[in-house]
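See structure below.
The values are calculated or read from the model by the stated rules, or taken from the named source; none is laboratory data. All figures in this text were calculated on a predicted structure; none of them were measured in a lab. The protein model used for the area step is the full one, side chains on, heavy atoms only, and it has no ligands, DNA or RNA in it. Shrake-Rupley method; radii C 1.70, N 1.55, O 1.52, S 1.80 Å.
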Amino acid sequence: MILHVTDQPDAADQAAILDGLVGFNEAATGLRGRDRLDLAVLLRDTERRTIGGALGHSRHGWVRIELLFLPAALRGQGWGRRLMQAVEAEARARHCLGVRLETASFQARGFYEKLGYSVIGTLPDDPPGHTLFWLAKRLESKALEQGTT
């Protein structure tokens, strides 16, 4: 056995790790590990250019928001709330249990908490001098009865 450190793993390297982990997780949970469905809620200007929005995916009954951006000029006008309401509506349509995301101490923790999200974990000094927060919101849904995406 040899340990090799690189910043450029090739497709075969990545597939070996992903396939192994997916197989292990499927055996342990009975859930299909590749049942991921992307999600985008896009905010477009009058010329239909995307200027902000949310990107994420649903898997194993939860929507995970990976990126959310709103231009500074639009903040405080309800656009962020509308973006998150659209994410939550789609999560319900996909029969998901809830939405999870992460944000840093210099970003939007208070915004998410006003929308009913709760901190479920923290990591100090990520980035240095700041804290990373994981937040989640469980949705009222019939997800457990109807299956999940």
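What to note about this one:
- Considering only alpha-carbon pairs that sit under 8 angstrom and 6 or more positions apart, the relative contact order computed for the chain is 19 percent.
- Amide H contacts for HIS130 (H built 1.01 Å from N in the peptide plane; partners 5 or more residues away or on another chain; cut-off under 5 Å): ASP125.
- Close amide H partners of TRP62, meaning residues 5 or more places away or on another chain with modelled amide H under 5 Å apart, are LEU97.
- Residue-by-residue Karplus 3J(HN,Hα) for region 45-51, coefficients 6.51, -1.76, 1.60, Hz, glycine and proline x: 7, 5, 8, 6, 7, 6, 10
- Over the chain, dividing the summed -39,500 (n - 2.57) contributions of all DSSP H runs of at least 4 residues by the number of residues returns a 222 nm mean residue ellipticity of -9000 deg cm²/dmol.
- Average Cα contact separation per residue, region 49-119, under 8 Å, 6 or more apart, as relative contact order %: 31
- Protein accessible area in region 1-127, 1.4 Å probe - carbon and sulfur %: 55
- Shape class for region 1-113, computed from the alpha carbon gyration tensor (a ≥ b ≥ c): prolate, with a/c not under 1.5 and a/b above b/c.
- GNM flexibility winner over the chain from ARG109, ARG75, ARG48 (Cα, springs under 10 Å): ARG48
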